[in-house]
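Chemist: One structure, as structure tokens, below. Some questions next.
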Amino acid sequence: MKLILTQDVKNLGYKDDVVTVKDGYGRNFLIPKGIGKIASDGALKMLAEDIKQRAFKQDRIKNDADALSGKLDGIKVTLKAKTGSSGKIFGSITTLQLANALKELGFDVDRRKIVFNDDIKMIGDYKATLNLHKEYSKEIDVEVVSE
């Protein structure tokens, strides 16, 4: 029985792979659980079109990430925080604060794609990594100053 996998299956294949399995395994386990669907001619044509469209979208996302990475060269973001007399910040700087500061500069970066190299709890200079795409990441300078 030929099936198209709708999700990754250990020791069998990955999503959108066309696999051959025994009839009972496909009929009694994979199809009822929604893990696979029968590989008919129409389903194979739809799979080919989905893969083509997904590749087009991924290419566009990759190009956008490359362009944004080029624009971010030499950017230094300054964040203000309330501090004590010793320079220690009340709380810490979060990725949301950095995302908002980047948005003010005209760069739209999702806060979930920002990673600080170390916790920011004192004023000073730090590095943050922006994971723009699985192939593109950009490291920017972050300066934290007292309000």
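Chemist: Give region 62-90 a look and list any residue that's touching a strand residue (DSSP E or B) at 6+ places or on another chain (Cβ under 8 Å) and on the phi > 0 side of the Ramachandran plot, or say none.
Modeler: The one that is touching a strand residue (DSSP E or B) at 6+ places or on another chain (Cβ under 8 Å) and on the phi > 0 side of the Ramachandran plot: Gly87.
Chemist: Looking at this structure, is Gly84 at pLDDT 95 or above and not basic (Lys, Arg)?
Modeler: No: the conditions fail for Gly84.
Chemist: Report, by residue number, each residue of region 106-147 that is assigned to a strand (DSSP E or B), among the polar types (S, T, N, Q) and either more than 23 Å from Asp59 (Cα to Cα) or out of contact with any strand residue (DSSP E or B) (no Cβ under 6 Å at 6 or more places or on another chain) (or both).
Modeler: Ser146
Chemist: Any residue that is loosely packed, with under 12 Cβ neighbours inside 10 Å, touching an Asp or Glu at 6+ places or on another chain (Cβ under 6 Å), of a type outside the set (Gly, Ala, Ser) and touching a residue at least 40 places away in the same chain (Cβ under 8 Å) - is there at least one of those in region 130-139?
Modeler: Within region 130-139 (the criterion being loosely packed, with under 12 Cβ neighbours inside 10 Å, touching an Asp or Glu at 6+ places or on another chain (Cβ under 6 Å), of a type outside the set (Gly, Ala, Ser) and touching a residue at least 40 places away in the same chain (Cβ under 8 Å)), the answer is no, since none of the residues qualifies.
Quick grid of which residues meet (1) outside the structural domain of Asp59 (by TED's automatic domain parsing); (2) modelled with pLDDT under 90; (3) closer than 24 Å to Ala67 by Cα:
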{"position": "Thr78", "(1), (2), (3)": "yes, no, yes"}
{"position": "Ser92", "(1), (2), (3)": "yes, yes, no"}
{"position": "Thr129", "(1), (2), (3)": "yes, no, yes"}
{"position": "Ser137", "(1), (2), (3)": "yes, yes, yes"}
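Chemist: Right, next: Please indicate, with yes or no, whether at least one residue in region 107-115 is basic (Lys, Arg) and surrounded by 15 or more Cβ atoms within 10 Å (Cβ to Cβ).
Modeler: Yes, there is a match, as at least one residue in region 107-115 is basic (Lys, Arg) and surrounded by 15 or more Cβ atoms within 10 Å (Cβ to Cβ).
Chemist: All but one of (1) in a loop (DSSP other than H, G, I, E, B); (2) exposed (fewer than 14 other Cβ atoms within 10 Å of the Cβ); (3) within 24 Å of the chain's Cα centre (by Cα) hold for Ser85, so report the exception by its number.
Modeler: (3)
Chemist: Among Ile61, Ile93, Ile51, which is part of a loop (DSSP other than H, G, I, E, B) and either in contact (Cβ under 8 Å) with a residue 24 or more places away in the chain or surrounded by 12 or more Cβ atoms within 10 Å (Cβ to Cβ) (or both)?
Modeler: From the options Ile61, Ile93, Ile51, the qualifying one is Ile93.
Chemist: Could you please find all residues in region 13-48 being touching a residue at least 24 places away in the same chain (Cβ under 8 Å) and exposed (fewer than 11 other Cβ atoms within 10 Å of the Cβ)?
Modeler: Within region 13-48, just Gly34 meets the criteria.
Chemist: I want to confirm something. Restricting to region 67-76 and keeping residues that are loosely packed, with under 10 Cβ neighbours inside 10 Å and of a type in the set (D, E, K, R), which single residue is modelled with the highest pLDDT?
Modeler: Top of the filtered list is Lys76.
The values are calculated or read from the model by the stated rules, or taken from the named source; none is laboratory data. As the structure is a computational prediction, the values presented were derived from the model and not from experiment. When we count neighbours, we look across all protein chains shown, and the Cβ atoms used for this are built from the backbone with ideal geometry, even at glycine.
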